[in-house]
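Asker: My structure is below; once you've seen it, I'll send some questions.
The values are calculated or read from the model by the stated rules, or taken from the named source; none is laboratory data. Fair warning: this is a prediction, and the values are worked out from it, not measured in the lab. All Cβ positions, even for glycine, are placed from backbone atoms using ideal geometry, and neighbour counts span all protein chains on display.
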Amino acid sequence: MRPPTRIASHPPNPYDELALLATPDPDDAGPPGAGGEDDPLGLGLAPDAGPGDDGRDEEPWQPPNHRGKSRPAAVPLVLKLAVTGLVCASLLLAGDRFAVLYAQDRAEVKLKESLGLATAPEVDIRGFPFLTQVAQRRLDEVEVSVPDVAADRVSLAEVRATARDIRVVGSLPTSIRGAVVGSVDGDVLLSFDDLGRELGASQARFTKDGENRVRVAGSLPVAGHEVRVRAEAHIRRDGDRAVSTTVDHMRLDIPGLVTYRPGKDSAHSGLRLHPRAAARISREAAHVKALLAVPAVVDRLGVPREWVERALRSEKALHELTGSPRFAQRLMRLNLVDVVRDHPWLLEKAGIDPELVGALLSLRPPQLSERLSLNFRLPGAAEGLRLRDVSVEREGVRADLAGTGLTFGEAADGDS
């Protein structure tokens, strides 16, 4: 049996049915609880409020970045600029130093040619940056060291100079033709180690013996024998270009025989017996009789003639005369120069080689002084340099240098 049909109290509105068939408007959210994407269960629940619920569109969701920004982007701009500046400065410094080394090498070659040196000097260009000096063709300061410079009879072991305000003729650093130096100061050294070889003295040794005095000790070959030599050399400046020496207190020894002091000082100069030779002659009767037989010797000994006559006749009297220490001392004080000249045979009678003594006496003081002198003169190529204070140091003789307006190479006032 069919249920009875419910009859609506109001007839349906045809416009409502048409509205149900239309496509819903997305902007029309509808009333709460009407369901939809935000409330699929139709429970009337609103979604949680978020930062985009103020009416503005929300940003699209992205996964979290746990590594942070990229490393180049994370470096501050100031640090990037500092690193870039440091790299540029390093490149400029390397270029500047390379230019200095090249210019120093060219300057060493040019100085060697200009001064006629046997060895190239060492040149050290001071001042930084060098490239600005290149642009101006002027150098602030240059240090030069020259070894083994010929200076008259000897060679200077070292010449050191500091040049300032140098105007370069040519192009730095590749083409240096010359230079004009504003001022120079430095010093020269005459080394004691080289003097023995330079002066031709065999095993001569020079040592400091005061502010301006040098002690000389060594040996010289004389008649096939090594004769010991001692002397004092006084150093002084000779003008403003040279150093000269005065050699005095010279003494030459033939060990065990005689000592020769050249000169005119009668108190110390002359040819005198060595203590061992005087003692030996005093002990040998034949030798001492040969001396006592010469009246000039007796007069110089200061022995009474009657004592001498008695000693020549009696061995006992001779022993009494020569056995006294005073007699040997008298023999040592005896200057044999005049005796040998007047009685050349006397040396041989006394057991002394006359040829050796003759060669010794032939050495004249000027010749000996010349052989032992420490004179030197600045080379002519360094015309503008002048010597100042001269002093004796432990390593040698040192003199200060000074100069202004020096020119080298093709330098001249009109050059460019």
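Asker: Against the definition (within 15 Å of Ile281 (Cβ to Cβ), of a type outside the set (S, T, N, Q) and surrounded by fewer than 17 Cβ atoms within 10 Å (Cβ to Cβ)), how does Arg388 come out, yes or no? First the steps, then the outcome.
Answerer: On the way: within 15 Å of Ile281 (Cβ to Cβ): no; of a type outside the set (S, T, N, Q): yes; surrounded by fewer than 17 Cβ atoms within 10 Å (Cβ to Cβ): yes.
No.
Asker: Would you please list the contacts, defined by Cβ atoms under 6 Å and residues six or more apart or on different chains, that run from a residue in region 346-360 that is modelled with pLDDT of 80 or more to a residue that is of a type in the set (Asp, Glu)?
Answerer: From region 346-360, the pairs are Pro354/Glu348.
Asker: Something else now. Phe327 is checked against (1) surrounded by 15 or more Cβ atoms within 10 Å (Cβ to Cβ); (2) modelled with pLDDT under 80; (3) farther than 25 Å from His249 by Cα and fails just one. What number does that condition carry?
Answerer: (2)
Asker: Checking the conditions here, which among Asp248, Asp209 is at pLDDT 85 or above and within 30 Å of Met332 (Cβ to Cβ)?
Answerer: Of Asp248, Asp209, the one residue that is at pLDDT 85 or above and within 30 Å of Met332 (Cβ to Cβ) is Asp209.
Asker: Out of the residues in region 361-411 that are outside any strand (DSSP E or B) and basic (Lys, Arg), state the one that is modelled with the highest pLDDT. Spell out how you get there, then give the answer.
Answerer: First, the residues of region 361-411 that are outside any strand (DSSP E or B): 361-375, 378-384, 393-395, 410-411.
Among the residues that remain, those that are also basic (Lys, Arg) are: 364, 371, 394.
Details: Arg364: 75, Arg371: 74, Arg394: 89.
This residue is Arg394.
Asker: Which count do you get for residues in region 146-166 that are among the small types (Gly, Ala, Ser) and in contact with a Pro (Cβ under 6 Å, 6 or more places away or on another chain)? Let's see the steps before the verdict.
Answerer: If we filter region 146-166 for residues that are among the small types (Gly, Ala, Ser), which is where we start, we get 150-151, 155, 157, 161, 163.
Of the ones still in play, those that are also in contact with a Pro (Cβ under 6 Å, 6 or more places away or on another chain) are none.
Summing the residues that are among the small types (Gly, Ala, Ser) and in contact with a Pro (Cβ under 6 Å, 6 or more places away or on another chain) in region 146-166 gives 0.
Asker: Return a yes/no flag: does region 337-346 have any residue that is under 52 Å from the mean Cα position of the chain (by Cα) and surrounded by 13 or more Cβ atoms within 10 Å (Cβ to Cβ).
Answerer: yes
Asker: Given the criterion at pLDDT 85 or above, closer than 26 Å to Ala231 by Cβ and either in a helix (DSSP H, G or I) or among the acidic types (Asp, Glu) (or both), identify the matching residue among Arg276, Arg341.
Answerer: Residue meeting the stated conditions: Arg276.
Asker: Let me ask you something else. Any idea how many residues of region 202-243 are of a type in the set (Lys, Arg) and either closer than 28 Å to Ile352 by Cα or in a loop (DSSP other than H, G, I, E, B) (or both)? Spell out the reasoning first.
Answerer: The initial filter retains those residues of region 202-243 that are of a type in the set (Lys, Arg), namely 205, 208, 213, 215, 228, 230, 236-237, 241.
Within this subset, residues satisfying the condition of being either closer than 28 Å to Ile352 by Cα or in a loop (DSSP other than H, G, I, E, B) (or both) are 228, 230, 241.
Qualifying residue count, region 202-243: 3.
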